[in-house]
Amino acid sequence: DDLLTRFMRKKESYSDKFLQHVALNFILAGRDTSSVALSWFFWLVIQNPRVEEKILREICTVLMETRGADMEKWTDEPLGFEEVDRLVYLKAALSETLRLYPSVPEDSKHVVNDDVLPDGTFVPAGSSVTYSIYSAGRLKSTWGED
């Protein structure tokens with residue numbers, strides 16, 4: 001079940017107006033994070049012509065094998081799941097974009113119960129923990145030199 005379905009199951013607890021706001025938040029959050037990710041992706045691709053060439057070559061290879069040499073047929077319909085699964089380099093380039101420029105660069109969590117972080121740090125209930133996804137994606141100890 002998705003989150004909206006769970007809200008709807010408890011309809012006596014939530015008004016239609018509340019559910020509309022929940023749905024709108026999903027749409028806006030998805031739109032904004034996707035547009036940010038794609039903006040960074042295309043900026044990085046423009047900066048790296050070799051990467052652009054490899055992505056184009058991979059797409060052309062997959063389409064040639066699945067739809068034939070007639071390029072007119074390449075745009076007849078959207079890519080199928082099987083075709084997308086074969087775009088390994090493109091997926092890697094998108095993942096690298098999100099590592100370097102995450103759509104949500106930092107986040108915070110509210111601690112409900114006393115807890116201990118993996119490094120042994122005690123975190124008392126009621127506190128907030130903020131972490132930098134941007135920084136984590138650039139840790140040389142994890143990723144090496146860029």
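Only the coordinates and a few stated rules stand behind these numbers; no lab work does. What you see is a predicted model, and the numbers here were worked out from it, not measured in a lab. Virtual Cβ from ideal backbone geometry, glycine too; neighbours counted across all protein chains shown.
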Using modelled amide H (1.01 Å from N, peptide plane; none on Pro or chain starts), what sits under 5 Å from the amide H of residue 48, excluding residues fewer than 5 places away? none
Work out, step by step, the length gained on full extension between residue 26 and residue 108: first 0.36 nm times the residue separation, then minus their alpha carbon distance; give nm to one decimal. 27.7 nm
Round to the nearest 10 and give me the degree value, 0 to 90, for the angle of helix 49-67's Cα axis relative to the longest principal axis of the chain. 70
Cβ neighbours within 10 Å, averaged per peptide: list 49-58, 91-100 in order, most packed at the top. 91-100, 49-58
If every Lys and Arg gets +1 and every Asp and Glu gets -1 at its Cβ, then about the Cα centre the range 105-146 yields a dipole, in debye to the nearest 20, of 40
Helical contribution to [θ] at 222 nm, DSSP H n ≥ 4, -39,500 (n - 2.57), averaged over the chain, rounded to 500: -18000 deg cm²/dmol
By average C-beta atoms within 10 angstrom, highest first, the peptides 21-27, 112-118: 21-27, 112-118
Is the chain best put as rounded, prolate or oblate by its Cα gyration tensor, with a ≥ b ≥ c the root eigenvalues, rounded for a/c under 1.5, and otherwise prolate when a/b is larger than b/c, oblate when not? oblate
Is the shape of the range 105-146 rounded, prolate or oblate, going by the alpha carbon gyration tensor and its root eigenvalues a ≥ b ≥ c, with a/c under 1.5 for rounded and a/b larger than b/c for prolate? oblate
